Amino acid sequence: MQAAAADLPATSKHDVLKDVFGYPAFREGQEEIIDTLLAGTSVLAVMPTGAGKSLCFQVPGLVLPGLTIVVSPLVALMNDQVNALRLAGVGADAIHSGHDREVNIATWRRAAAGQTRILYMAPERLLTPRMLEALSRLPISLIAIDEAHCLSQWGPSFRPDYAGLGQLAERFPGVPIAAMTATADEATRRDIELQLFAGPHKTFVSGFDRPNIALNVSQKNRWKDQLLDYLDGRGGQSGIVYCLSRKKTEEVATLLGENGHAAVAYHAGLAPDERTARQDRFVSEDGLIVAATVAFGMGIDKPDVRFVFHTDLPGSVEAYYQEIGRSGRDGEPADAMMIFGSGDIRLRQQFITQGDTDDDHQRRESSRLSALIAYAEATGCRRQALLSYFGETIESCGNCDNCANPVTLQDGQEEAEMVFEAILETGGRYGQAHVIDVLRGAETEKVVAQRHDRLEVHGKGERYSQHEWRSIIRQMLAIGLLEVDIGGYSSLLITDKGNALTRGQGRFEFRLEPKALKPSRSGSGRSSPKKAAPRADLSARDQNLLAALKKLRLDLARERGVPAYVVFADRTLEEIAVMRPGTTEALSAVKGIGKTKLREFGEIFLAEVRNFRD
């Protein structure tokens, strides 16, 4: 179902918000951005995931006459937004490589005839000379750039196909540009502004905090057991498990399947049709877990992802923030867990130094990695540490592991000096494992062969376990007392900061990690996952009606080939379950039901409520 422009009688922003999208009022931060665009001024908007960025360009796009162009990086993201707009009665379309040539031609003809209000395109499609020339003949009223951080070379998600977007201001003078992103530090924001805006513009930073996401980090130790133990009690929840390699995603999906969880792997090595099928299944199916590489996520708009688990260290704070931001988009409680070890740090450093990039880029990436390690090793409020990276200050959050279980620190001067001594006496040519063996007095074949069992430092640190020494050294790496020589077989090296510590300049405090987990019970003996707890504000009767409404929604979505949340959001169904409206008028008061959806689905859902009452 697709409406022409004439099907939308709304002329004001509030009319569009209520009649098309079904909301009585704007969320915080949205209205000022919309007003700025309606006044003809370009905007850079940095808003947290789930804050309603899309409405900030969709609403003015429907108030202004003419056509709105939306630049989006992924086919899946375009398709989902187009489907959602069409169900809301908006003339929306997309031109991209996932469509046959005939489909794209028909789409263009609708746009040229004025039947399309919002047209989505990938940057490489938009920036062809032929497309730019054709668009110049149409009444373009607004250009929106989604995921605008991809435009900045200062950001870790830079995409070369976004680089040419800087010509849009010159090509379409007088047309306001809306650049939208959830992830942009100050340097990235400045770069976006410099490249994209030729004239006056305003920048809005609505904050980066996602207070509904609990933040947790733990040392990696038997990661399979850690993952399975974490998932106990999360049966029926949708989640994402991020892995560093394609092979590991397959391994995780198999592991979870053998232990009673519905799970699939997702990575760039799959055939395109298979990737699409697995992504569609995740979006439409409740309780599915996707084990994925970073190839998965940017185009996912699933509101009810309840957790994100990182089995490996991400590449930067920005990447971590984006990935955990795929959970809890509905505003309900969600959880982020990351496990990491020294091996993760070493591997990430190798990726940086072995990449085909210049020294300046490597320095930026090393700085980003150091910031992420500092976050992972934070001893205070973890949310404070995360948000400070983006220049934001908050009080202690009370919703992270360090707030829930405050860390006890102890003086580590003696421990640091023992590590320095072991590095120096072994010639600075060995990695962490060998240094720890020397400290603990081990007599491995390598220790004996190198005569390191005769060193004065041999056995000095025997009071600490191997697990504890790994934690101490990792914390020394995190604050820059040590570094890993990637070109020298991952040898531990003492930094200038470390040398200063030995001269009494500075201080090292550390925390001892909990003792290593004992081997977990086998998969066959593992208890069945528990179902997710129901919402506290819904009665048992409400829950039963909600389940029936969700089933109805899924059936309707499958008939139309769209994700279930595109029909109605979970919050809309929850409100119906509580209110149990008996008339179309009463149903129209539910948030998220615009006029077109009321006509399309109103009687169907009212009948379900009446059946439940009877």
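Please give the number of the condition THR393 fails out of (1) within 30 Å of LEU552 (Cα to Cα); (2) hydroxyl-bearing (Ser, Thr, Tyr); (3) without any contact (Cβ under 8 Å) to a residue 40 or more places away in the chain.
(1)
I need every pair where a residue in the stretch 594-610 that is farther than 15 Å from LEU87 by Cα has its Cβ under 7 Å from the Cβ of a residue that is charged (D, E, K, R) and not in a helix (DSSP H, G or I), sequence separation at least 6 or different chains.
That search, which allows pairs on different chains as well, returns VAL609/ARG580.
(1) of a type in the set (D, E, K, R); (2) at pLDDT 90 or above; (3) surrounded by fewer than 21 Cβ atoms within 10 Å (Cβ to Cβ): which one isn't true of ARG159, the others all being true?
The single condition ARG159 does not satisfy is (2).
For SER396, are the conditions met, namely being part of a helix (DSSP H, G or I), at pLDDT below 90 and over 20 Å from ILE339 (Cα atoms)?
Working: part of a helix (DSSP H, G or I): no; at pLDDT below 90: yes; over 20 Å from ILE339 (Cα atoms): yes.
Spelling it out, it is not the case that SER396 is part of a helix (DSSP H, G or I), at pLDDT below 90 and over 20 Å from ILE339 (Cα atoms).
Residues checked against (1) surrounded by 17 or more Cβ atoms within 10 Å (Cβ to Cβ); (2) part of a strand (DSSP E or B); (3) touching a Lys or Arg at 6+ places or on another chain (Cβ under 7 Å):
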position: GLY207; (1), (2), (3): no, no, no
position: LEU215; (1), (2), (3): yes, yes, yes
position: LEU228; (1), (2), (3): yes, no, yes
position: ALA265; (1), (2), (3): yes, yes, no
position: GLU274; (1), (2), (3): no, no, no
position: GLN279; (1), (2), (3): yes, no, no
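Any idea which of (1) touching a strand residue (DSSP E or B) at 6+ places or on another chain (Cβ under 8 Å); (2) at negative phi; (3) buried (at least 22 other Cβ atoms within 10 Å of the Cβ) is the one ASP286 doesn't satisfy?
Of (1) touching a strand residue (DSSP E or B) at 6+ places or on another chain (Cβ under 8 Å); (2) at negative phi; (3) buried (at least 22 other Cβ atoms within 10 Å of the Cβ), only one is false for ASP286: (3).
Yes/no per residue for (1) surrounded by 16 or more Cβ atoms within 10 Å (Cβ to Cβ); (2) within 19 Å of HIS467 (Cβ to Cβ):
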| residue | (1), (2) |
| --- | --- |
| SER396 | no, no |
| ALA404 | no, no |
| GLN410 | no, yes |
| ALA422 | yes, yes |
| GLY427 | no, no |
| GLU445 | no, no |
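Is it the case that some residue within the stretch 165-181 is assigned to a helix (DSSP H, G or I) and touching a Gly at 6+ places or on another chain (Cβ under 9 Å)? I'd like the intermediate steps shown before the answer.
Going residue by residue through the stretch 165-181, those that are assigned to a helix (DSSP H, G or I) are 165-171.
So of that shortlist, the ones also touching a Gly at 6+ places or on another chain (Cβ under 9 Å) come out as 169.
Yes; the residues of the stretch 165-181 include at least one that is assigned to a helix (DSSP H, G or I) and touching a Gly at 6+ places or on another chain (Cβ under 9 Å).
Can you name the residue in the stretch 111-132 that is more than 26 Å from the chain's Cα centre (by Cα) and among the basic types (Lys, Arg) and, of all such residues, is nearest to GLY89 (Cα to Cα)?
So the residue we want is ARG117.
What single numbered condition from (1) within 30 Å of ARG610 (Cβ to Cβ); (2) among the basic types (Lys, Arg); (3) at pLDDT 90 or above fails to hold for ARG541?
Condition not satisfied by ARG541: (3).
Going through the stretch 294-308 one residue at a time, which ones are within 27 Å of THR188 (Cα to Cα) and either surrounded by 24 or more Cβ atoms within 10 Å (Cβ to Cβ) or modelled with pLDDT of 90 or more (or both)?
Listed by number, the residues that qualify are PHE296, VAL308.
Limited to the stretch 422-436, what total is found for residues that are farther than 13 Å from ILE473 by Cα and in contact (Cβ under 8 Å) with a residue 12 or more places away in the chain?
The initial filter retains those residues of the stretch 422-436 that are farther than 13 Å from ILE473 by Cα, namely 424-430.
Filter once more, so that each one left must be in contact (Cβ under 8 Å) with a residue 12 or more places away in the chain: 424-426, 428-430.
Residues flagged as farther than 13 Å from ILE473 by Cα and in contact (Cβ under 8 Å) with a residue 12 or more places away in the chain within the stretch 422-436 amount to 6.
For ARG326, are the conditions met, namely being under 15 Å from the mean Cα position of the chain (by Cα) and in the same structural domain as LEU231 (by TED's automatic domain parsing)?
yes
Out of curiosity, is GLN350 in the same structural domain as HIS267 (by TED's automatic domain parsing), modelled with pLDDT under 80, surrounded by fewer than 22 Cβ atoms within 10 Å (Cβ to Cβ) and not charged (D, E, K, R)?
Details: in the same structural domain as HIS267 (by TED's automatic domain parsing): yes; modelled with pLDDT under 80: no; surrounded by fewer than 22 Cβ atoms within 10 Å (Cβ to Cβ): yes; not charged (D, E, K, R): yes.
For GLN350, the condition - in the same structural domain as HIS267 (by TED's automatic domain parsing), modelled with pLDDT under 80, surrounded by fewer than 22 Cβ atoms within 10 Å (Cβ to Cβ) and not charged (D, E, K, R) - is not met.
For the stretch 491-499, indicate whether the set of residues that are over 16 Å from ALA416 (Cα atoms) and modelled with pLDDT of 50 or more is non-empty. Let's see the steps before the verdict.
Within the stretch 491-499, the first condition is being over 16 Å from ALA416 (Cα atoms), and the residues that meet it are 491.
So of that shortlist, the ones also modelled with pLDDT of 50 or more come out as 491.
Yes - at least one qualifying residue is present in the stretch 491-499.
For the stretch 484-511, which residues satisfy the criterion of being crowded, with 20+ Cβ neighbours inside 10 Å and either of a type in the set (Phe, Trp, Tyr) or free of Cβ contacts under 8 Å to residues at least 60 places away in the same chain (or both)?
Within the stretch 484-511, PHE508, PHE510 qualify.
If I ask for residues that are assigned to a strand (DSSP E or B) and over 20 Å from the mean Cα position of the chain (by Cα), which ones from the stretch 192-205 would you list?
Pass one, the stretch 192-205, residues assigned to a strand (DSSP E or B): 201-205.
Of everything in the stretch 192-205, those that are assigned to a strand (DSSP E or B) and over 20 Å from the mean Cα position of the chain (by Cα) turn out to be HIS201, LYS202, THR203, PHE204.
How many residues are in a helix (DSSP H, G or I) and among the acidic types (Asp, Glu) if we restrict to the stretch 434-450?
First pass over the stretch 434-450, keeping only residues in a helix (DSSP H, G or I): 434-439, 445-449.
Among the residues that remain, those that are also among the acidic types (Asp, Glu) are: 437, 445.
Qualifying residue count for the region: 2.
Working carefully through the options ALA144, ALA134, find the one that is among the aliphatic types (A, V, I, L, M) and within 24 Å of VAL566 (Cβ to Cβ).
Working: ALA134 fails: within 24 Å of VAL566 (Cβ to Cβ).
One residue alone meets the criteria, ALA144.
Kindly establish whether PHE351 is aromatic (Phe, Trp, Tyr) and out of contact with any Phe, Trp or Tyr (no Cβ under 8 Å at 6 or more places or on another chain). Write out each step before concluding.
Numbers: aromatic (Phe, Trp, Tyr): yes; out of contact with any Phe, Trp or Tyr (no Cβ under 8 Å at 6 or more places or on another chain): yes.
Here the answer is yes, as PHE351 does meet what is asked.
The values are calculated or read from the model by the stated rules, or taken from the named source; none is laboratory data. Just so it is clear, the model here is predicted, and its values are computed rather than measured. All Cβ positions, even for glycine, are placed from backbone atoms using ideal geometry, and neighbour counts span all protein chains on display.
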